[in-house]
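Visitor: Handing you this structure, nothing more for now.
The values are calculated or read from the model by the stated rules, or taken from the named source; none is laboratory data. Only a predicted model underlies this, so the values are computations on that prediction, with no experimental measurement involved. Cβ sites come from the backbone with ideal geometry, for glycine too, and all protein chains shown count toward neighbours. These area figures cover heavy atoms from the full protein model, side chains too; ligands, DNA and RNA do not enter into them. Shrake-Rupley method; radii C 1.70, N 1.55, O 1.52, S 1.80 Å.
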Amino acid sequence: MRNLVPARYRSVSVTDVGVDLTEAGLRSLLVGREAYRRTTYIIARRDERAALVRVEKASDEALFSPIVAMDLLAGPDECALVEDPDTDVGVPSQLARAARNLAPGARCVIVAGRYEHVNFILDPAPLVVRVVEVSPPLPAKLLDQAQRVLDVADDLPPIELRGDVVDLEALAATHPAERYLLPCRGSGAAPPGAEVAYLDQRPPPPGNGQSWTLVGCARSRQLHRWFYGDAEPPNVDICPRELAAATPTAMPTLTKCCLIEEDIVRDGNCVVVPWGASLDEVRRGLAEVALLSEPAWAPA
């Protein structure tokens, strides 16, 4: 099972040993030895090397109980010991990031992290999630929100984000025009030299038979019809949901749409949150994305 991460790192015990870090050596030391009732995993260290063991105790009720069985999950040739005081080892995505950055290729990465706590990830393989977003603003909001959620979420599997951010100015430039109508000032700027107006300010339409190019989405087109009647100008669709659909991939995808106001919608392997999603809605979206690749991890 990939991404084995203890759900509570209090189930992890660290001990320095004087025996060989082999199954036989560790069995001779540990079986019959008392262990705390919460202990499920033991990181056995000898010098600069370590091994990971899972133990079974005679009882989980007594405060301490003898170890009656053990399994060697990873030997010293498969384990890497790293220190990173910036990593909260209770957060799976942070553990996976430390494994990738500090011990790439190791099957078991044991991290001494923030608060001097120690935890491990066995067989790290974080779920890679594409986040389709538009920019400005900077940073791209949904991508930034999703990363902030993952930096504290101890109930989500290890996830690595891949930003697929579309630059609005570059997108508008693919439809050259003298005048652009943007949803609001926060939505960016038109290509250099063009006139710009903002839909949320309800500007007067261009006169003398002229028109503007609407850089917006379905909601922007609805607003335009409400403000100016049925005549619809040329438009550049900037909806992240539509952009994601136009560039399909097998990678699980998180994106947003302003036509969704409260719910979270799943389109195949794409999860869509509201345009103004709260951090909690983004967390729920990430949880839904994680279901696309179950079993993505093994909290234990």
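Visitor: For volume of the Cα convex hull per residue in Å³, one of (1) 134; (2) 158; (3) 148 was computed from the structure I shared and the rest are decoys. Which label?
Guide: The value matching this structure is (3).
Visitor: What is the spin-label model distance, in nm, from ARG46 to VAL19 if the labels are put 7 Å beyond Cα along the C-beta direction?
Guide: Once both label points are built, they end up 1.0 nm from each other.
Visitor: Given the options ASN101, ASN208, ASN235, which has the most mean-square fluctuation in a GNM of the chain, springs set between C-alpha atoms less than 10 angstrom apart?
Guide: Comparing ASN101, ASN208, ASN235 in the GNM, the peak value goes to ASN208.
Visitor: Shifting gears a bit: If ASP77, ASP263 are ordered by their accessible area, calculated over protein heavy atoms with a 1.4 Å probe, which sequence runs from highest to lowest? Intermediate values should be presented prior to the final figure.
Guide: Numbers: ASP77 135, ASP263 105 Å².
If we order ASP77, ASP263 from most to least accessible, we get ASP77, ASP263.
Visitor: For LEU73, which sequence-distant residues (separation of 5 or more, or a different chain) have an amide H within less than 5 Å of its own amide H, given hydrogens modelled in the peptide plane?
Guide: The list, which skips near neighbours in sequence, is LEU52, VAL53, ARG54.
Visitor: Additional query: Considering amide H positions built from the backbone, and no H for Pro or chain starts, which residues 5 or more places from ASN235, or on another chain, come under 5 Å of its amide H?
Guide: For ASN235, the qualifying residues are LEU214.
Visitor: If each of ARG38 and GLU232 carries a label point 7 Å out from its Cα toward its Cβ, how far apart are those two points in nm?
Guide: 5.9 nm
Visitor: Using 0.36 nm times the number of residues separating ARG179 and GLN222, minus their current alpha carbon distance, what extension gain do you get? Don't skip to the end; give the middle numbers.
Guide: Working: separation 43, 0.36 × 43 = 15.48 nm, distance 1.95 nm.
Stretched out fully, the ARG179 to GLN222 stretch lengthens by 13.5 nm.
Visitor: Then there's this: Using a probe of 1.4 angstrom, how much of the accessible area of the range 202-271 is carbon and sulfur, in percent?
Guide: Numbers: 1950 of 3800 Å².
The value for the range 202-271 is 51 percent carbon and sulfur by accessible area.
Visitor: Can you give the accessible area of ASP200, probe radius 1.4 Å, in Å² rounded to 10?
Guide: The value for ASP200 is about 100 Å².
Visitor: Under a 5 Å amide H to amide H cut-off, with H placed in plane at 1.01 Å, what residues pair with TYR180 once short-range neighbours are removed?
Guide: Hits under the 5 Å cutoff: GLU195, VAL196, ALA197, THR213.
Visitor: Oh, and also: Over the range 202-300, what is the percentage of antiparallel beta bridges among all DSSP beta bridges, to the nearest 5? Don't skip to the answer; put the middle values down first.
Guide: On the way: 3 of 11 bridges.
Expressed as a percentage, antiparallel bridges in the range 202-300 total about 25.
Visitor: Sorted by accessible area (1.4 Å probe), largest first, how do SER28, SER187 line up? Intermediate results must be reported in sequence, preceding the final value.
Guide: Values: SER28 90, SER187 15 Å².
Accessible-area ranking of SER28, SER187, largest first: SER28, SER187.
Visitor: Here is a follow-up. Counting only heavy atoms of the protein chains, get the accessible area per residue of the chain (1.4 Å probe) and round it to a whole Å² value. Please report the intermediate quantities before stating the final value.
Guide: Values: 14810 Å² over 300 residues.
For the chain, the solvent-accessible area averages 49 Å² per residue.
Visitor: Once the Cα atoms of helix 279-291 and of the chain are each reduced to a long axis, what angle between those two axes, in degrees from 0 to 90 to the nearest 10, is obtained?
Guide: 70 degrees
Visitor: How high is the FRET efficiency between THR247 and ASP154 when r is their beta carbon distance and R₀ equals 45 Å, given to the nearest 0.05? Before the final figure, lay out the partial values.
Guide: On the way: r = 32 Å, r/R0 = 0.72.
The calculated FRET efficiency here is 0.90.
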